[in-house]
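The values are calculated or read from the model by the stated rules, or taken from the named source; none is laboratory data. Bear in mind the structure is a predicted one, so any value in this text is a computation, not a measurement. Cβ sites come from the backbone with ideal geometry, for glycine too, and all protein chains shown count toward neighbours. These area figures cover heavy atoms from the full protein model, side chains too; ligands, DNA and RNA do not enter into them. Shrake-Rupley method; radii C 1.70, N 1.55, O 1.52, S 1.80 Å.
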Amino acid sequence: MTDRARNAFDRAQAFAFAPEDSRRLAAMRIGLFSLLAWRLAVVDVDRVAGQPAALFDPVSVFHLLSEMPSQGIVDALRPLGIIAALAAAAGLWPRLSFPLAFGVAVFGELMLNSTGKIIHNEVLLVLCLIPLLATPTAATRVWSMGRRRTPEVAAPVGVAYGWPIRTAMVIVAFAYLFVGLQKLRYSGVEWVTSENLRWVLYASSDTQAEPNTLGLFVADRAWLAHLMAAGTIFLEVGFVACLRFARLPWLFVPGVISLHIGIWLMMDLDYWAQALTVLIVFVNWAALVTLLAARRLPRPLRRVGA
Amino acid sequence: MPRFARPFVTLLIAAMIATAVFAWEPWPLTSFRLFSHVRTDEQTGWVARTVEGDGFEGAYPIGAQELGFRGFGFVMAEFVDASDERQDELCRTWVRAAPELIGVEATQVRLYQRHWELSEREDDRALPGDEDLVYVCDGEGLVSGD
């Protein structure tokens, strides 16, 4: 390995294996598993259950199956997954609840993906759960219903709580980077400079029950469509810089969330799981809780508690 | 920190990179190809219609149905290059599903290729364009088509 590559690898390791507050990891656990419980409840897997065998187009481990799972299996797994996700969020029986919730979620998503099209709506949430699967003990060290509360002991800080969070941050950043780079790889700058986004929005509006007023407003104005296309590439490819520069999440996190809100409004595509995953992983909720708690204390005590 | 953490993270991130570079789709790992190809004004799609016993031809919006039929566009992309056996299998599936999906006893399903332009619009909708009958299916399989 060259020196440059070695230095880059060492910097990446230093980022990924840095200490973090155990409360921040707990917040990520609570947020991601709560989000998973919601998605298990609302994502419509029923529409593919019982699909005729001739249309079954399996992906990943579903190649082991000969046909789409039945509605009966969905009806059995869904409540199990939701309960497991809620238990995981609460920090209960993590060695059981974490993998069970994850497994049910992946099973349902593989059903949706086995109809001829790869679905990306829940991918980022599922990927960011993987580091939590590997750290059930650390992820439930604090803010867990299953543990005895010891408020007088400060929440531990260490690499054991840092690497799952930072791995999730790398996953999020790389996901956006790859989405942006694949656009440039397969389309080049034409993705921005051509009428591409106008046609995307026109086609999307035509598939919706009613014409999409906002999407058509953008599509009818070439300059606006080009601007939004350029902004999309900037946010996707640029997001990875958040791993290097600590202040950039203040720009890119609201930026990508706005992107997903815009996609939802103009194209009726549900990427809420992705947007909320970014928020859960990149916001330091533990620091926010500390800040809010300090502001509620009388002024003299704030100085003492700081 | 567990000893497996470093190799675990390295492997996970390497797998993400590999699936993106080589365009693999071992879900949840994916190549992240979302809207990665340039869209053009000219559009091509497939439209299905049922034919009942009395010859009446009606709409058969396969792609809007439940029971896993929504991937109709992608299945048609496979259909055009599929083997005779595979085309027969898909034809039988679509014909036999019509009663359950749309309440129609179909004797045939006709597959039209539609061509239209997104820029040709009226009342905030693209004009329907042209349709060419390409395939005809019945309960036994493909009846006619290339």
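Brief remarks follow.
- Restricting attention to the range A:114-135, the residues that are closer than 20 Å to A:Met267 by Cβ, in a helix (DSSP H, G or I) and facing another protein chain (nearest Cβ under 8 Å) add up to 1.
- Selection status of A:Ala53, surrounded by 18 or more Cβ atoms within 10 Å (Cβ to Cβ), at pLDDT below 95 and out of contact with any Lys or Arg (no Cβ under 6 Å at 6 or more places or on another chain): no
- Condition check for B:Ser119 on (1) open to solvent by less than 70 Å² (accessible area, probe 1.4 Å); (2) within 15 Å of A:Ala54 (Cα to Cα): one failure, at (2).
- Of all residues in the range A:218-238, those that are assigned to a helix (DSSP H, G or I) have Cβ atoms under 8 Å from Cβ atoms of residues that are open to solvent by 20 Å² or more (accessible area, probe 1.4 Å) and among the hydroxyl-bearing types (Ser, Thr, Tyr), 6 or more apart or on another chain, in A:His226/A:Thr193.
- Residue list for the range A:181-235, restricted to those being within 11 Å of chain B (Cβ to nearest Cβ), farther than 29 Å from B:Phe22 by Cβ and among the charged types (D, E, K, R): A:Glu195, A:Arg198, A:Asp206, A:Glu210, A:Asp220
- Residue, nearest to B:Ser144 (Cα to Cα), within the range B:78-97, restricted to residues that are more than 8 Å from chain A (Cβ to nearest Cβ) and of a type in the set (A, V, I, L, M): B:Val80
- Some residue of the range A:267-274 being open to solvent by 60 Å² or more (accessible area, probe 1.4 Å), at positive phi and assigned to a loop (DSSP other than H, G, I, E, B): yes
- For the range B:22-42, the candidate set comprises residues that are open to solvent by 20 Å² or more (accessible area, probe 1.4 Å) and in contact with a Phe, Trp or Tyr (Cβ under 9 Å, 6 or more places away or on another chain); within that set, the residue that is farthest from the other protein chains (Cβ to nearest Cβ) is B:Glu42.
- Filter pass, B:Glu85 being surrounded by fewer than 19 Cβ atoms within 10 Å (Cβ to Cβ), under 26 Å from A:Asn113 (Cα atoms), under 17 Å from the mean Cα position of the chain (by Cα) and of a type in the set (D, E, K, R): no
- Residues that are in a helix (DSSP H, G or I) and in contact with a Leu (Cβ under 6 Å, 6 or more places away or on another chain) within the range A:33-53 comprise A:Leu35, A:Ala37, listed in sequence order.
- Exactly one residue among B:Arg121, B:Arg114, B:Arg92 is among the basic types (Lys, Arg) and more than 18 Å from the chain's Cα centre (by Cα), and that residue is B:Arg121.
- Qualifying positions in the range A:168-199 - assigned to a helix (DSSP H, G or I) and free of Cβ contacts under 8 Å to residues at least 24 places away in the same chain: A:Phe178, A:Gln182, A:Arg185, A:Tyr186, A:Ser187, A:Glu190, A:Trp199
Per-residue answers, yes or no, for (1) among the charged types (D, E, K, R); (2) at pLDDT below 90:
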site: A:Ile263; (1), (2): no, no
site: A:Met266; (1), (2): no, no
site: A:Leu269; (1), (2): no, no
site: A:Gln274; (1), (2): no, no
site: A:Val278; (1), (2): no, no
site: A:Val281; (1), (2): no, no
site: A:Arg296; (1), (2): yes, yes
site: A:Arg299; (1), (2): yes, yes
site: A:Gly305; (1), (2): no, yes
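- Residue within the range B:43-57 that is surrounded by 14 or more Cβ atoms within 10 Å (Cβ to Cβ), within 12 Å of chain A (Cβ to nearest Cβ) and part of a loop (DSSP other than H, G, I, E, B) present: no
- Among the residues of the range B:20-35, those that are over 18 Å from A:Leu125 (Cα atoms) and not aromatic (Phe, Trp, Tyr) comprise B:Val21, B:Ala23.
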